[in-house]
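The structure under discussion appears below in the form of structure tokens.
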Amino acid sequence: MHASSLAAVPSASQPATAHRWTLEEVLALYDLPLMDLVWRAQQVHREHFDPNAIQRSTLLSVKTGGCSEDCGYCSQSARYDTDTERERLMPVDEVVAAARAAKEKGASRFCMGAAWKGPKDNDLDKVLEMVREVKALGMQTCVTLGMLKDGQAEKLKDAGLDYYNHNLDTDKEFYGQVIKSHTQDDRLDTLDQVRDAGINVCSGGIIGMGESRKNRAALIVQLANLPTPPESVPINNLVPIPGTPMANVDRLDPFEFVRTIAAARIAMPTSWVRLSAGRQEMSDELQALCFLAGANSMFYGDFLLTTGNPDVDRDDALFARLGLKAI
Ligand code: SAM
Ligand code: DTB
Ligand code: SF4
């Protein structure tokens, strides 16, 4: 099957892949010579997707900073002294105007992020309005609001939400070294609620936080072995934020990032693998290697949440040079 249009986005009702991945199998992928690994990933990629099509989402931080959680990588935690200022929830009309501009520039999905542990019911009502209005523009909708309470996922589904982003971030073993204010099981609970409500799941992680290769492989195993793998798997490279505990972590070897993309592609053949945070620091050549390794989605727009992303002119030029089409 070649997925050359959004109609081919695997749906939440897709049956789980039969294969259960083991840590040894994914570590064996990482151990392959890079050329063999990328070749294998590209073969798997071509079985399920158009290799020259990249899905583009634009991100907007609709509620920035002041978050109660202590995620060690995050500029928006109230516990660290970072340059990010706390802001209120954006008015709906400003959000819709940003979505309209993103659509005009060529994004197919609009993703709204909030720096919350989870949404309060009255805040959720405003987000529901944003989802309804962005959906009415003819865009796919995505939100990332933190952990959900009973009933909230159903409300989001009813408002027309297509995707909920909630990352496992890192494997169970390393999780407690990055985040102490909640557990990875809390995040798994929210993923269950999203799945049960019939919303597409977007879940991945961050690498380059000082974790081991085994931790990275274990995260891929965990995502691939969910009862149904996420439809969308963002792989973020840590953007080091001054003031956070991870400000000075050693940079990850870029080829290890490519290996992680390839391992995700092979372990989750029908998922959209998103080349996420960290793209601004990547050369065009490294990004091309990530696409060859099976990444087929990215954030498009000059900003992520609080940090920069390549500007749209650079991305448009890259697409033209590589003969990629945006979907
Ligand atoms: N508060 C919600 C949550 O944690 O799910 C939504 C917003 S949170 C900022 C969304 C995701 O952004 C995180 O799970 C993490 O994977 C990613 N992220 C945050 N800061 C990052 C950084 N400095 N570098 C790379 N990825 C980052
Ligand atoms: C995801 O996995 N990456 C995006 C999105 N989901 C919400 C966020 C990246 C944030 C990078 C740091 C920042 O801009 O604050
Ligand atoms: Fe809060 Fe999300 Fe940042 Fe964690 S990642 S501190 S939950 S905004």
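The values are calculated or read from the model by the stated rules, or taken from the named source; none is laboratory data. Keep in mind it's a predicted model, so treat the numbers as computed, not measured. Quick reminder, even Gly has a Cβ in these numbers, built from the backbone with ideal geometry, and neighbours come from all protein chains shown. Accessible surface is based on the protein model in full, side chains and every heavy atom, while ligands, DNA and RNA are left aside. Shrake-Rupley method; radii C 1.70, N 1.55, O 1.52, S 1.80 Å.
With the convex hull drawn over the C-alpha atoms of region 236-327, the volume per residue is 106 Å³. Estimated purely from DSSP H runs of n ≥ 4, each contributing -39500 (n - 2.57), the mean residue ellipticity at 222 nm for the chain is -12000 deg cm²/dmol once divided by its residues. Once the chain from N52 to A97 is taken as fully extended at 0.36 nm per residue, the excess over their C-alpha distance is 13.2 nm. The accessible area of S108, taken with all protein chains in place and a 1.4 Å probe, comes to roughly 20 Å². Taking each residue as 0.36 nm, the span from M35 to A288 lengthens on full extension beyond its C-alpha to C-alpha distance by 89.7 nm.
Please sort 228-239, 130-141 by packing, taking for each peptide the average over its residues of neighbouring beta carbons within 10 angstrom, highest first.
Going from most to least packed, we get 228-239, 130-141.
With pairing defined as another cysteine C-beta under 4.7 Å, the cysteines of the chain that fail it are C67, C202, C290. Net charge of the neighbourhood of G301, taken over other residues with C-beta under 10 Å away and scored Lys/Arg +1, Asp/Glu -1, is -1. Assuming charge only on the beta carbon of Lys and Arg (+1) and of Asp and Glu (-1), the dipole of region 98-181 about its Cα centre is about 220 debye to the nearest 20.
Structural descriptor for the chain: relative contact order 24 percent, calculated from alpha carbon pairs under 8 angstrom and at least 6 residues apart.
Determine the percent antiparallel among the DSSP beta bridges restricted to the chain, to the nearest 5.
5
What number results when the radius of gyration of the chain, computed over Cα atoms, is divided by 2.2 N^0.38 Å?
Compared with the compact-globule rule of thumb, the chain sits at 0.92.
Remark on A53: its backbone amide H falls under 5 Å from those of K325, a criterion applied only to residues 5 or more positions apart or on other chains, H modelled at 1.01 Å from N.
Entry for region 157-242 at q = 0.12, 0.17, 0.21, 0.26 Å⁻¹: log10 I(q)/I(0) = -0.36, -0.69, -1.00, -1.36, Debye formula applied to identical alpha-carbon scatterers, no solvent contribution. Between the beta carbons of K325 and L137, assuming R0 = 22 Å, the FRET efficiency works out to 0.55 to the nearest 0.05. Using the Stokes-Einstein relation with a Kirkwood hydrodynamic radius computed over Cα pairs, the translational diffusion coefficient of region 27-126 at 25 °C and a viscosity of 0.890 mPa s comes to 144 µm²/s. Only Cα pairs under 8 Å and 6+ residues apart enter the sum, and on that basis the relative contact order of region 268-327 stands at 31 percent.
Farthest towards the positive end of the charge dipole of region 21-113, among the residues P33, G106, Q55, is the Cα of G106, using unit charges on the Cβ of Lys, Arg, Asp and Glu. For the chain, the dipole from Cβ point charges (+1 on Lys and Arg, -1 on Asp and Glu) about the Cα centre works out to 440 debye, to the nearest 20. Spin-label model, D150/E129: points 7 Å from Cα along the beta carbon direction are separated by 2.8 nm. Each Lys and Arg Cβ is given +1 and each Asp and Glu Cβ -1; about its Cα centre, region 49-146 then shows a dipole of about 280 debye. Ordering of 283-293, 210-220 by packing is 210-220, 283-293, highest average first (other Cβ atoms within 10 Å, averaged per residue). Projecting the Cα atoms of A197, L304, C71 onto the charge dipole of the chain (Cβ charges, centred on the Cα centre) puts A197 farthest toward the positive pole. Using the Cβ-Cβ distance between T22 and K120 with R0 set to 35 Å, the FRET efficiency from 1/(1 + (r/R0)^6) comes to roughly 0.30.
Before I look further, what does region 210-252 give for accessible area per residue, probe 1.4 Å, in whole square angstrom?
Per-residue accessible area for region 210-252 comes out at 36 Å².
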